[in-house]
Amino acid sequence: MPVYAGPIGTLRCKEKKYDYENLPTTSVIIAFYNEAWSTLLRTVYSVLETSPDILVEEVILVDDYSDKEHLKERLANELSGLPKVRLIRASKREGLVRARLLGASVARGDVLTFLDCHCECHEGWLEPLLQRIHEEESAVVCPVIDVIDWNTFEYLGNSGEPQIGGFDWRLVFTWHVVPERDRLRMKSPIDVIRSPTMAGGLFAVSKKYFEYLGSYDTGMEVWGGENLEFSFRIWQCGGTLETHPCSHVGHVFPKQAPYSRSKALANSVRAAEVWMDEYKELYYHRNPRARLEPYGDVSERRQLRAKLRCKDFRWFLETVYPELHVPEDRPGFFGMLQNKGLKEYCFDYNPPDENQVSGHQVILYACHGMGQNQFFEYTSQKEIRYNTRQPEACVAVDAGTDALIMHLCEDTAPDNQKFLLQEDGSLFHEQSRKCVQAVRKEVGNGFVPLLRDCTNTDHQKWFFKERMP
Ligand code: LR7
Ligand code: MN
């Protein structure tokens, strides 16, 4: 089998030929809520201008009960002159899941292509998506998502290779480079790339296959969670989720959404409850609030899973996303790491840059029991892992120093990352043969954990607590 090891997605996209006569047609569905005029219209015009006429059945705009004046009469008038564009309106606020489904319910194309309402399609974006679905009906295909600058609205594109989607154990969507094993599976730089998850807003799916898979979970409100739910479902129920390196669509990543996203937690819990089996506990451990969140009735979604004879989450992790480290979470060895002498103080780590998890010092902070920055796991490899997010960080001590600094974890724990949590609660750093102690900071207020000669003080005793009593 030919193996392609060079860069992915190159000028060769321009040479790709499409089978226009036989490709399925598509309905492009764009749900919006209180979107600005310019970004919404830019999306619509870019679809019309970059898509071959014979492939587009219609463009369906779904107004999710917006209250902005410019989206009423004025929008209807503007669109009435455009070929193929239909505007439908929800009669109450539905949230993006049910708004998209409203669009899907009137769609006449063979393929549903969903877009957010602040996008710009790039020349040639549509053909690769439809060609792929023509070849394989159970493929759900995403374009590469390019960046449109939030201040200047300039189309910035994407530096480097396309990335694939993952998630961390808080059920937050993450981006990753294409792993080696997928690279080796690709036969050419313009092959589709398998992706464990999708960002959620931009994808094409056969209408028939979408219905077979159970479309969306209509119990999800407003925003969030539906992207991972759909990703898990696609894979576990026999489909594939892919990114096509030749299809590019720009998206505006705003600093703040024009609406509140308070329903996101319940949506994620629904996804976990239906698809993650016992692995949902790893999520709850890292987000104790999620366990208390009312999430409604998921029995129909569980029935769907049974009816489609979908595979379990273990299969998904092992086969589709083996790059994700699965925590051990041994009872009594995860949660807040609390000091006995200071009582209310816990290990806390809050890296200033969301994208750079390593390099900073662990501090002590009032225990809050909310998981997140105070969630640590003590592993059988003797690491203290900070593994709410990706990539995972491990507590380390650089030779000759006494501070606890986060480094990236490694496959085999290096000696400076090994601690022995002993029966009496002492936390012994094996390499330096010293103990971790809660110590008052030299400057400023508060406390930090530092290495000290081992004594019998309670300030050197530590214990894990899963949550606040
Ligand atoms: O109540 C609502 N009703 C709506 O119709 C809330 C939103 N919407 C519309 C909204 O106007 C927009 O067109 O739904 C679309 C998505 O909402 P955004 O743009 O506020 O979401 P986002 O881009 O911040 O979030 C990403 O994750 C979401 C999880 O629910 C959705 O799946 C979004 O579609 C998704 N966006 C993308 O995948 C684009 C790339 C972003 C990344 C990474
Ligand atoms: Mn968006």
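The values are calculated or read from the model by the stated rules, or taken from the named source; none is laboratory data. Given the structure is predicted, the values throughout are model-derived calculations rather than measurements. Here the Cβ positions follow ideal geometry from the backbone for every residue, glycine too, while neighbour counts run over all protein chains shown. What goes into the accessible areas is simple: the full protein's heavy atoms, side chains included, and nothing from ligands, DNA or RNA. Shrake-Rupley method; radii C 1.70, N 1.55, O 1.52, S 1.80 Å.
A few remarks follow.
- When residues of the stretch 85-118 are limited to those that are part of a helix (DSSP H, G or I) and open to solvent by less than 40 Å² (accessible area, probe 1.4 Å), the one nearest to ligand 2 (Cβ to nearest atom): Leu96
- For Thr50: the one exception among (1) open to solvent by 50 Å² or more (accessible area, probe 1.4 Å); (2) more than 16 Å from ligand 2 (Cβ to nearest atom); (3) closer than 28 Å to Trp150 by Cα: (1)
- Residue that is within 24 Å of the chain's Cα centre (by Cα) and either within 16 Å of ligand 1 (Cβ to nearest atom) or closer than 23 Å to Tyr209 by Cβ (or both), where the choices are Val147, Val56, Val111: Val147
- For Gln437, the requirement of being open to solvent by 30 Å² or more (accessible area, probe 1.4 Å), touching a helix residue (DSSP H, G or I) at 6+ places or on another chain (Cβ under 6 Å) and over 17 Å from Gln338 (Cα atoms) is not met.
- Extreme residue, farthest from ligand 1 (Cβ to nearest atom), among residues of the stretch 29-49 that are over 12 Å from Leu115 (Cβ atoms) and assigned to a helix (DSSP H, G or I): Glu49
- Criterion violated by Arg286 - all others in (1) away from ligand 1 (no atom under 15 Å from the Cβ); (2) basic (Lys, Arg); (3) under 24 Å from Thr39 (Cβ atoms) satisfied: (3)
- Selection status of Ile133, away from ligand 1 (no atom under 15 Å from the Cβ) and either open to solvent by 70 Å² or more (accessible area, probe 1.4 Å) or among the hydrophobic types (A, V, I, L, M, F, W, C) (or both): yes
- Some residue of the stretch 144-154 being open to solvent by less than 40 Å² (accessible area, probe 1.4 Å) and of a type in the set (Phe, Trp, Tyr): no
- Here is the figure for the stretch 203-227: residues that are open to solvent by 10 Å² or more (accessible area, probe 1.4 Å) and aliphatic (A, V, I, L, M) total 1.
- Residues of the stretch 53-78 that turn out to be aliphatic (A, V, I, L, M) and open to solvent by 10 Å² or more (accessible area, probe 1.4 Å), as a count: 3
- Conditions (1) open to solvent by 10 Å² or more (accessible area, probe 1.4 Å); (2) touching a Gly at 6+ places or on another chain (Cβ under 7 Å); (3) away from ligand 2 (no atom under 16 Å from the Cβ); number of the one not met by Leu82: (2)
- Within the stretch 189-246, the set of residues being among the acidic types (Asp, Glu), more than 21 Å from Ser27 (Cα to Cα) and away from ligand 1 (no atom under 15 Å from the Cβ) comprises just one member, Asp191.
- Filter pass, Leu11 being more than 16 Å from ligand 2 (Cβ to nearest atom) and either without any contact (Cβ under 8 Å) to a residue 24 or more places away in the chain or over 16 Å from Cys119 (Cα atoms) (or both): yes
- Residue under evaluation Asp182, criteria (1) in contact with a strand residue (DSSP E or B) (Cβ under 6 Å, 6 or more places away or on another chain); (2) modelled with pLDDT of 95 or more; (3) away from ligand 2 (no atom under 16 Å from the Cβ), criterion not met: (2)
- Of the residues making up the stretch 84-101, those that are farther than 13 Å from Lys207 by Cα, in contact (Cβ under 8 Å) with a residue 40 or more places away in the chain and not β-branched (Val, Ile, Thr) number 5.
- Residues of the stretch 177-192 satisfying the condition of being crowded, with 18+ Cβ neighbours inside 10 Å and either touching a Gly at 6+ places or on another chain (Cβ under 7 Å) or under 23 Å from Phe253 (Cα atoms) (or both): Val178, Pro189, Ile190
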